[in-house]
Amino acid sequence: MKRSNAPIFWLLFGGGGMLAALLGTMLVFITGLAVPLGWPLRSDLLSYERVLPLAQNWFGKGLLFVIISLFAWHAVHRIYHSLHDLGVHAGTLAKLVCYGSALAITLVAAVSLLRIGF
């Protein structure tokens, strides 16, 4: 039997899909509607001064990293498999572009969160 790295990508896709289903809608509602409109949450809830302590805490860093990276892996895996529906036959180049961009997003998130400090 030939060894495959597909289970790793399916695991990241599944984890991101679960987070998107459980948290994604509420994150969109909070950050896109509730806070900007000031109803039912205060409009300064996501101000820099209030969010910075979350990003400086080790638990907050981990939470933000997991959400950002798994959402990215879920999105690019879905895009990669949707290329076939668009008539693009996904080969090695498409894999490199798709999964490379998810890896880049993950690395940028990690570096950015580490640069904030503790």
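All of the numbers you see were taken from the coordinates with simple rules; none came from a lab. Keep in mind the model is a prediction, meaning the values are calculated, not measured. As a convention, Cβ positions derive from the backbone with ideal geometry for all residues, glycine included, and neighbour counts pool all protein chains shown.
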Scope segment 37-53; condition surrounded by 13 or more Cβ atoms within 10 Å (Cβ to Cβ), in a helix (DSSP H, G or I) and without any contact (Cβ under 8 Å) to a residue 40 or more places away in the chain; matching residues: VAL51
For LEU64, all conditions in the list (1) surrounded by fewer than 16 Cβ atoms within 10 Å (Cβ to Cβ); (2) touching a residue at least 40 places away in the same chain (Cβ under 8 Å); (3) closer than 21 Å to MET18 by Cβ hold save one; what is the number of the exception? (1)
Note down all Cβ pairs under 6 Å where the first residue falls in segment 106-118 and is touching a residue at least 24 places away in the same chain (Cβ under 8 Å), the second is assigned to a helix (DSSP H, G or I) and β-branched (Val, Ile, Thr), and they're at least six residues apart or on different chains. ALA109/ILE68
Members of segment 67-101 found to be touching a residue at least 40 places away in the same chain (Cβ under 8 Å) and hydrophobic (A, V, I, L, M, F, W, C), listed by number: ILE67, ILE68, LEU70, PHE71, ALA72, TRP73, ALA75
For segment 88-111, which residues satisfy the criterion of being of a type in the set (Gly, Ala, Ser) and loosely packed, with under 14 Cβ neighbours inside 10 Å? GLY91, GLY100, ALA104
Anything in segment 1-22 that is surrounded by 13 or more Cβ atoms within 10 Å (Cβ to Cβ), under 26 Å from ILE116 (Cβ atoms) and hydrophobic (A, V, I, L, M, F, W, C)? List them, or say none. LEU12, LEU19, ALA20
